[in-house]
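Values in this text are rule-based calculations from the coordinates and carry no lab data. All of these numbers come straight from a predicted model, not from anything done at the bench. Because the Cβ atoms are built from the backbone with ideal geometry, glycine has one as well, and the counts that use them run over all protein chains shown.
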Amino acid sequence: MKGIIRVFPHRNSFTPTDEMAFFEEPGLFIPDHDAVHVCCVFTWDIDRCRELQFQWQGKTDKTVLLDGPAFGNSNGDFVPGMYVRQGIVFTSRGCPNNCGFCFVPKREGKIRELPIYQGNIVQDNNFLACSKEHRRKVYDMLRGQHAIEFKGGLKRRGCLIGISSKCAA
């Protein structure tokens with residue numbers, strides 16, 4: 001397997017930095033690959049991502065997949081380093097609450113626990129809604145990490161800590 005080229009409309013602190021991650025139209029030479037994925041996270045990037053898909057399709061004989069959260073797809077399995085840089089992990093998806101201001105349960109469904117991978121930045125939407133056993137396994141994984149951050153959502157009694165005290169539990 002040669003690998004998957006991943007194309008992003010912008011570079012940020014979460015995007016991968018390996019040799020198969022790109023942030024622009026293809027150059028004269030591209031690495032050998034099995035597939036090309038254009039990853040679109042935000043709806044305001046859809047036009048740019050469609051243009052990137054068109055540009056990359058002209059440089060490869062493989063199908064260029066255009067997908068991502070902007071198209072309503074964020075329910076896939078988490079693969080470390082694939083669409084976010086190494087060190088960032090998702091250990092769950094979804095949320096059991098139905099807060100009127102939040103799109104997470106509509107897009108990702110109820111809470112779903114995922115396999116746990118090594119990483120120091122936990123990006124879950126509602127980590128504290130996970131089972132006690134799952135949280136313990138995550139804490140065990142984090143024991144060997146440095147600079148630990150919970151950048152996703154931490155909720156208590158159905159309300160996002162530090163964001164809102166008004167939500168339906």
* To do: Return the long-range amide H neighbours of Ala21 (sequence gap of 5 or more, or a different chain), with a cut-off of under 5 Å between placed amide H atoms.
  => Arg6
* Neighbourhood charge, 15 Å Cβ-Cβ cut-off, centred on Lys106 and excluding it, Lys, Arg +1 and Asp, Glu -1 -> +3
* To do: Report the label-to-label distance for Phe23 and Lys110 in nanometres (one decimal), using points 7 Å from each Cα along the Cα→Cβ vector.
  => 4.0 nm
* To do: Could I have the simple spin-label model distance between Gln55 and Lys132, label points 7 Å from Cα toward Cβ, reported in nm to one decimal?
  => 5.3 nm
* Would you mind checking the pairs Lys106/Lys151; Lys59/Lys110; Lys110/Lys151; Lys110/Lys132; Lys2/Lys132 and listing those with alpha carbons more than 28 angstrom apart? => Lys59/Lys110; Lys2/Lys132
* In sequence order, calculated HN-Hα J values of the range 43-59 (Karplus, 6.51, -1.76, 1.60; Hz; x Gly/Pro) -> 4, 5, 9, 4, 4, 4, 5, 5, 5, 4, 4, 4, 4, 5, 4, x, 10
* Amide H to amide H, which residues 5 or more places from Leu154 or on other chains are under 5 Å from it, using H placed in the peptide plane? -> Ile161
* To do: Sort Cys49, Cys102 so that the residue with the fewest other Cβ atoms within 10 Å of its own Cβ comes first and the one with the most comes last.
  => Cys102, Cys49
* Structure fact -> So, over other residues within a Cβ distance under 14 Å of Lys2, counting Lys, Arg +1 and Asp, Glu -1, the net charge is -3
* Structure fact -> A correct Karplus calculation of ³J(HN,Hα) over the range 2-9, with 6.51 cos²θ - 1.76 cosθ + 1.60, θ = phi - 60°, whole Hz and x for Gly and Pro, returns 7, x, 10, 6, 10, 10, 10, x
* To do: Report, by chain and number, residues whose modeled amide H sits under 5 Å from the one on Asp67, excluding near sequence neighbours (fewer than 5 apart, same chain).
  => Val38, Cys40
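Could you tell me the relative contact order of the chain? Use alpha-carbon pairs under 8 Å, at least six residues apart, and round to a whole percent. Write out the running numbers ahead of the final one.
Numbers: 315 pairs, mean separation 27.5, N = 169.
RCO, the chain: 16 percent.
Using a 10 Å Cβ count of at most 16 others and DSSP loop calls, identify the longest part of the chain lacking such GluC sites (Glu not before Pro).
Longest run free of exposed loop sites: 25-169.
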